[in-house]
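All remarks here apply to the structure that follows.
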Amino acid sequence: MKKWIWIAIIATTVAVVTIILNKPVTEADWSWVPFFGSYLTKKHPVEEPLIKQQENKVAGAILTDNLPQNYPSAREQVGGGEKPQSVIALRVNAEQLLSHVETLAFRRYTDAERSQARKYIYQVLTTLGWSPTLQSFESGVNVLAQRPGTNPEAGTILLAAHYDTVERSPGADDNATGVATVLEVARLLGSHPTPRTLQIAFFDREEEALRGSLAFVRAGINNISVDKEVTSSQKGDLTNLRGAIILDMIGFACHTSGCQRYPEGLPVTPPSDKGDFLAVVADAEHSQLLNAFQQSKEPDLPPVLTLPIPFKGLLTPDVLRSDHAPFWYHGLGAVLVNDTANFRTPHYHQPTDKPKTIDRTFFVGAAQIVANAIISLLGN
């Protein structure tokens, strides 16, 4: 490649990072990334998020009727409750995962619809013994929770998924599968000590310019809070973050030749023309996070395709279409875990994205891969 092309690429990268790190993020900043012009269903200016903490209560009726009956803890799941299982051997519960997807498979677009989903998430976490908090920003509300680690110096691992949908879809795969998996990991690890702290987040407004994750990252970096007494978990403090794992669509697989496509310019040799693998994407500067997913080689789990992306995705904008992007552009290590979305599923952002279109074996296997990776990262 000619020398001037490399100079242009490096200059562009430095300019983008400088803009985002040194001033409030606006949609004008994101316009440097080409996909935003075509990906967003609606465009709204992303203003400096107004972060405030709400009380640890949710107004209105909690969806207790939708909670799975006899909701088990990780301790109760193993050996009839006689003793807890070792952390590394914890297995996800397929019934619980699928129950969450069924419950959340409704359009989560309006304020009322998103509030309904948020109440369900809040109640499940509370039932599991977590103490969730609500982080409000200009046009939405994130749900946060944290379980401290045994070693304060070991840092924090974040596991997150967005809970909103586009206007015309019930979002079973996008992203009830991601939310269900975060809730299942919360169940498995809520009472199991690990050296690192586990933080979980459910982002609002991902489908509208990644607003929830943008607000979360900027609040964590700038330590924004209206109450100086709130804890770091309520602020979304990112000071000790060692990595963020973002789940966005992990429930669809296709098994016929030619059903899997790939974005142009992606630096990968396609493993197959079938869509039976789980994709895990990291920026090249933090590619060590991919190692935790490469360790999941159980024969009954889906294969994993790990992709380190150079130049923070500037040359492959299709990999910037989810909540990991704000972390990348603030210099924070993050990976996106997904089923490749519209490069595989015909139900992407469609009314047909329903529980019956989920490949249940693939989904449960993908959730187990995520759980294994999180356990590995929390132990380091």
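Bear in mind these aren't lab numbers, they're just calculated from the coordinates by the rules spelled out. No experiment lies behind these values; they were computed from the predicted model shown. When we count neighbours, we look across all protein chains shown, and the Cβ atoms used for this are built from the backbone with ideal geometry, even at glycine.
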Computed FRET efficiency, Cβ-Cβ of GLU138 and ASN342, R0 35 Å: what is it to the nearest 0.05? 0.80
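Using the per-residue mean of other Cβ atoms lying within 10 Å as a proxy for protection, in what order, highest first, do the peptides 283-294, 330-341 fall? Can you show the working numbers first?
Details: 283-294: 17.9, 330-341: 23.2.
With the highest mean Cβ count within 10 Å placed first, the list reads 330-341, 283-294.
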Label-point gap, in nm, between GLN288 and ASN222 - each point 7 angstrom along Cα→Cβ: 3.0 nm
Contour minus Cα-Cα span, THR352 to THR256, at 0.36 nm per residue, comes to 32.6 nm
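Using 28 Å as the Cα-Cα cut-off, could you pick out the over-long pairs in LYS119/LYS356; LYS312/LYS356; LYS119/LYS354; LYS119/LYS274?
With Cα atoms farther than 28 Å apart: LYS312/LYS356; LYS119/LYS274.
Given R₀ = 30 Å, what would the calculated FRET efficiency be for LEU314 paired with ALA94, taking r from the Cβ atoms and rounding to 0.05? Walk me through the numbers on the way to the answer.
On the way: r = 39 Å, r/R0 = 1.31.
Once rounded, the FRET efficiency stands at 0.15.
Percent of alpha carbon pairs in the stretch 140-226 separated by more than 22 Å?
Numbers: 1237 of 3741 pairs.
Here the long-distance tail beyond 22 Å is 33 percent of all Cα pairs in the stretch 140-226.
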